[in-house]
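The values are calculated or read from the model by the stated rules, or taken from the named source; none is laboratory data. In this text, all values refer to a predicted model and were calculated from it rather than measured experimentally. So basically every Cβ, Gly included, is an ideal-geometry build from the backbone, and we count neighbours across all protein chains shown.
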Amino acid sequence: MANNPFPYSDDNKRYHTLYYHNKHTFGGRVYKAVLNGGFTCPNLDGTKGMGGCQFCDGGSGAFTKPLSLTEQLKSEMHRIRQKNPNARAIAYFQVHTNTYAPVSRLRELYEEALRFPGIIGLSIGTRPDCLPEEVLDYLAELQKRTYLTVELGVQTVHDRTAQQFGRGYDYAEFLAGYHALQERHIRTCLHLINGLPGESAPDMIETARTLGALRPQAVKLQLLHILQGTPYADLWRQGDITPMSQEGYIATVVEQLTYFPPETVIERVTGDGEKAKLLAPLWSMDKIRTLGGIDKLQAELGSFQGKRC
């Protein structure tokens, strides 16, 4: 638009949305088929911890008792095609750590997904400390023949925070995994969480500034949700955790976006906590207001993604 200073936009958005990226990459909207590959995690199996990170409720995703991968894909594509009969999708291995297995097992699952009609790529959620050389070599092979994204949970660049919630690796270990992916030209999406206990808005903005300097291909910005059954739920009930306000979250995200290069795809600026488990903050269920608030504040401030790069 004529009054929009941001180049990667066909509308009023002042950040590089996933919708824009997919439109200009694939010629239209692309959906995510969310899958459970039956993986565990070093923070669950005792390798680095038990019970997961303090905010973890045991793994997100539609299939808590997984069907076969093909049955999951049938179900997900049916769901997606009720919205759009001609939809294409990316197979999203979301639950737990999806490179935490021998390459033979990874190959079996990833190739099964790629053979399914309508699947045009893979998105693989994992940890930077679960990328051994043989896995990296297979991922490098995959990215030459399909649209591949590896999603890394970093959450914060501050090791003191990561130790508190039990991430199980430090920032230096994250950097090693990230650079190993970049050296192989593998599209990488970084996950950040705003509102972690003990972090101020400047801390969160510093995370964005530091990660923006790495020039990732994509990022997801997420609010800390307090979910039933997690250690953080107990701390919240005791008054030891105060969730972010909606206004505070919006202001923080608007400032964070200024530090990401314009070409970095912002795959998410807020997320959805499972309504049956969400304890706080309840305002996060009003996603439309949050998204509108980000757009409004960016316009009021003359702000846009990459302004401070």
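Suppose the filter is surrounded by 15 or more Cβ atoms within 10 Å (Cβ to Cβ) and either under 30 Å from Pro231 (Cβ atoms) or of a type outside the set (A, V, I, L, M, F, W, C) (or both); does Ala276 pass it?
On the way: surrounded by 15 or more Cβ atoms within 10 Å (Cβ to Cβ): no; either under 30 Å from Pro231 (Cβ atoms) or of a type outside the set (A, V, I, L, M, F, W, C) (or both): yes.
Judged against the criteria, Ala276 is not a match.
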For residues that are over 25 Å from Phe116 (Cα atoms), free of Cβ contacts under 8 Å to residues at least 40 places away in the same chain and of a type in the set (Ser, Thr, Tyr), tally how many sit in region 140-171. 1
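For region 249-263, which residues satisfy the criterion of being out of contact with any strand residue (DSSP E or B) (no Cβ under 9 Å at 6 or more places or on another chain), assigned to a loop (DSSP other than H, G, I, E, B) and surrounded by 20 or more Cβ atoms within 10 Å (Cβ to Cβ)?
We begin by selecting, within region 249-263, every residue out of contact with any strand residue (DSSP E or B) (no Cβ under 9 Å at 6 or more places or on another chain); these are 250-251, 254-255, 258-259, 261-263.
Filter again for assigned to a loop (DSSP other than H, G, I, E, B), leaving 258-259, 261-263.
Answer for region 249-263, where residues must be out of contact with any strand residue (DSSP E or B) (no Cβ under 9 Å at 6 or more places or on another chain), assigned to a loop (DSSP other than H, G, I, E, B) and surrounded by 20 or more Cβ atoms within 10 Å (Cβ to Cβ): Thr258, Tyr259.
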Looking at (1) in a helix (DSSP H, G or I); (2) of a type in the set (S, T, N, Q); (3) surrounded by 18 or more Cβ atoms within 10 Å (Cβ to Cβ), which is the one condition that is false for Gln222? (1)
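Go through region 225-248 and report how many residues are in a helix (DSSP H, G or I) and surrounded by fewer than 13 Cβ atoms within 10 Å (Cβ to Cβ). Please lay out each step first, then the result.
Within region 225-248, the first condition is being in a helix (DSSP H, G or I), and the residues that meet it are 231-237, 246-248.
With the extra rule that they be surrounded by fewer than 13 Cβ atoms within 10 Å (Cβ to Cβ), the set shrinks to 237, 247.
The number of residues fulfilling the criteria is 2.
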Report every pair of residues separated by at least 6 positions or lying on different chains whose Cβ atoms are under 9 Å apart, first residue within region 29-47 and farther than 18 Å from Arg105 by Cα, second at pLDDT below 95 and of a type in the set (Phe, Trp, Tyr). Val34/Phe63
Only one residue in Gly38, Gly28 is surrounded by 14 or more Cβ atoms within 10 Å (Cβ to Cβ) and in a loop (DSSP other than H, G, I, E, B), so which one is that? Gly38
Quick check on Thr156: is it more than 16 Å from Asn36 (Cα to Cα), touching a Ser or Thr at 6+ places or on another chain (Cβ under 7 Å) and buried (at least 22 other Cβ atoms within 10 Å of the Cβ)? yes
Taking region 110-134 on its own, how many of its residues are surrounded by fewer than 20 Cβ atoms within 10 Å (Cβ to Cβ) and assigned to a helix (DSSP H, G or I)? 6
Among Gly306, Gly273, Gly212, the single one that is modelled with pLDDT under 95 and either of a type outside the set (Lys, Arg) or at negative phi (or both) is Gly273
